[in-house]
Amino acid sequence: MLIAQLPVAGEENCRLLASTSVGSNEDRAAIEEYACDRSNLPWIIFRAAHRANHVEALPSRSRALLAALARTVDANRPYAAIFARRELLTGRALQSMRTFYRSLDDLEAEGFIVRPPQKRYGNAGLFGRAYLHLTDKAAALLGLVDDHGAESPPQDTQAFRNVAETETSFSPATPCVTVADGPIYKDLYPKTQKRQSARLPEDLQRLLSLGFHEFLIFKLMREAKQSLKRLSEVVEATWEHLKHAKCPINYLRALLRSPVDFAHQLRAKHAARVEAETIRRRAHEIDAILKQHAGETFFDLSTDRRFDLSADVSEIIVRHHAEPSPRVRVANWAEDFVVAIEEGRIVRATPERTFAFAAKLGQSISSANLDHASMSARQKPVRTSVIDQRLNEMKRLLRKSCAGVVATGSAIG
């Protein structure tokens with residue numbers, strides 16, 4: 001019996017200390033470290049797994065996979081599909097994915113399993129799962145069926161074979177066994193697939209010299225599409241300003257956000273370039289035509305005018321039969337002259353046209369001489385005394401009328 005006493009100085013070092021017990025966390029960690037699979041298997045499944053691990057004719061990897069399949073298969077329906085993912089089977093067989101596929105090849109070669117092709121769901125092109133099935137040999141070896149029933153497989157196996165043959169015959173194309181299932185293999189070759197091009201367009205590669213990255217350019221192409229624009233048109237319309245900008249990336253993004261129609265600007269510039277090119281080409285054609293007819297003479301259809309081109313095609317002399325002297329044109333005549341030639345309003349000189357124009361010119365000269373002679377024949381009228389007297393009377397009358405007007409104005413004032 002302990003007697004309650006007051007504590008004495010230095011007494012705590014002489015007493016026994018309470019032993020520290022192991023914490024519950026350490027016990028839980030130890031339990032988890034040595035934990036194992038606690039699933040309770042039926043005796044027939046346990047025996048099938050034990051038999052699979054002791055098949056001496058198979059490699060160790062194939063025995064491990066066969067044991068995993070024996071643990072997964074339904075004991076009541078050994079020929080039915082084994083509903084298990086690859087991750088579950090590789091985990092139970094303690095194998096990698098490559099070793100798993102090699103083990104499947106071994107079991108299939110020995111006749112223990114059947115691997116039907118992947119199924120397709122209608123015309124959508126979707127691949128379904130490829131389930132594994134045990135054969136008669138494997139079911140009998142593992143003890144899942146009676147020895148008497150091993151010779152004739154149950155109806156499940158026969159039904160499965162019929163369904164597999166039907167699906168294989170109606171499928172548009174038997175898929176390869178190496179193709180994995182999953183939603184990413186819906187359509188390997190779609191007609192309309194949104195994918196990023198391997199290379200930048202040629203008209204956008206110049207952005208790389210301004211510090212743009214390829215992925216940034218692809219992103220800007222998407223932003224331009226969202227803004228109802230095309231990045232190529234924006235860059236082409238503003239390239240001169242863009243290459244001198246301090247922050248070209250920010251400047252280009254601001255252009256994409258702006259409401260400016262860069263496509264219209266490009267069309268206007270293109271139209272101006274086309275018009276300038278047309279004018280330049282037309283000027284070359286006119287020069288070629290004039291050089292071809294240098295120094296030649298032309299007449300109009302009525303043979304009233306004659307056109308003489310100079311040897312250097314710098315001027316043209318136009319002579320009308322009714323005019324006394326010809327006219328010389330130096331500028332702004334080439335295009336009109338070529339158009340008149342092309343339209344047929346001016347033709348080359350022939351002896352007949354030259355004679356006709358000379359005849360008209362001679363008639364004009366003779367008529368001009370006759371007119372000059374008649375004018376010179378007319379004499380100025382002689383001033384007589386009667387005419388002088390009449391003029392003096394008119395002068396006096398005018399003076400009197402003017403004086404009367406002045407006197408009347410003074411009287412009134």
Discussion item. Among the residues that make up the range 314-326, is at least one of them under 52 Å from the mean Cα position of the chain (by Cα) and in contact (Cβ under 8 Å) with a residue 40 or more places away in the chain?
Written reply: no
Worksheet item: So, in the range 203-247, of the ones that are under 19 Å from A263 (Cβ atoms) and not in a helix (DSSP H, G or I), which residue ends up nearest to the chain's Cα centre (by Cα)?
Response: R230
Practice prompt. Under 8 Å between Cβ atoms, at least 6 apart or on separate chains: pull out the pairs that start in the range 200-215 with a residue that is surrounded by 11 or more Cβ atoms within 10 Å (Cβ to Cβ) and end on any residue that is aromatic (F, W, Y).
Written response: L200/F218; R206/W239
Practice prompt. For F100, indicate whether it is modelled with pLDDT under 85 and assigned by TED's automatic domain parsing to the domain that holds R47.
Written response: no
Worksheet item: Which residues, counting only those in the range 279-333, are among the aliphatic types (A, V, I, L, M) and over 23 Å from R353 (Cα atoms)?
Response: I279, A283, I286, A288, V330, A331
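Report whether or not G122 is small (G, A, S) and modelled with pLDDT under 85. Outline the logic, then answer.
Details: small (G, A, S): yes; modelled with pLDDT under 85: yes.
Spelling it out, G122 is indeed small (G, A, S) and modelled with pLDDT under 85.
Of the residues that sit in the range 261-297 and are in a loop (DSSP other than H, G, I, E, B) and in contact with a strand residue (DSSP E or B) (Cβ under 9 Å, 6 or more places away or on another chain), which one is surrounded by the fewest Cβ atoms within 10 Å (Cβ to Cβ)? Lay out the reasoning, then the answer.
Step one: filter the range 261-297 for residues in a loop (DSSP other than H, G, I, E, B), giving 261, 293-296.
If we keep only those that are in contact with a strand residue (DSSP E or B) (Cβ under 9 Å, 6 or more places away or on another chain) too, we end up with 293-296.
Numbers: H293: 16, A294: 12, G295: 10, E296: 12.
Only one residue fits best here, namely G295.
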Practice prompt. Quick one: Q95 ticks every box in (1) within 17 Å of A67 (Cβ to Cβ); (2) at pLDDT below 85 except a single one, so which number is it?
Written response: (2)
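The values are calculated or read from the model by the stated rules, or taken from the named source; none is laboratory data. Keep in mind that what you see is a predicted model, and the values were worked out from it rather than measured. Note: ideal-geometry Cβ built from the backbone for every residue, glycine included; neighbour counts use all protein chains shown.
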